[in-house]
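Working notes, structure below.
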Amino acid sequence: MALSKDLLEILACPKCVREPGCTGELEYREAQNQLVCHHCGLIYRIEDDIPIMLIDEALPLEKA
Ligand SMILES: [Zn+2]
């Protein structure tokens, strides 16, 4: 099951959302079950339709 659009719209990168002028906008990669932040280059995984929005659990984009 895919994440709902409503949920996606409220999700933001917890790291970037604190930066002035940054929305923390995420790209949803449905096939990989990932949310990608292109601002800081972190990937947040989704487990059982629940995005793991923790900086400590995120992976660097270049290693994915
Ligand atoms: Zn970010």
Long-range amide H contacts for Leu42: which residues qualify at under 5 Å (H placed 1.01 Å from N, peptide plane, sequence gap of 5 or more or a different chain)?
Cys37, Leu61
Relative contact order of the chain: what whole-number percent is it, with Cα pairs under 8 angstrom and at least 6 residues apart?
24 percent
Given the rule -39500 (n - 2.57) for each run of at least 4 DSSP H residues, summed and divided by the residues of the chain, what is its mean residue ellipticity at 222 nm, to the nearest 500 deg cm²/dmol?
-2000 deg cm²/dmol
Which value, in debye to the nearest 20, gives the size of the charge dipole of region 5-63 about its Cα centre, when Lys and Arg are +1 and Asp and Glu are -1 at the Cβ?
200 debye
Coil-residue GluC sites (Glu not before Pro) of the chain, DSSP, other Cβ within 10 Å capped at 12:
Glu30
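No lab work stands behind these numbers, since they all come straight from the coordinates. As the structure is a computational prediction, the values presented were derived from the model and not from experiment. Neighbour counts are summed over all protein chains in view; Cβ atoms, including those assigned to glycine, are modelled from backbone coordinates with ideal geometry.
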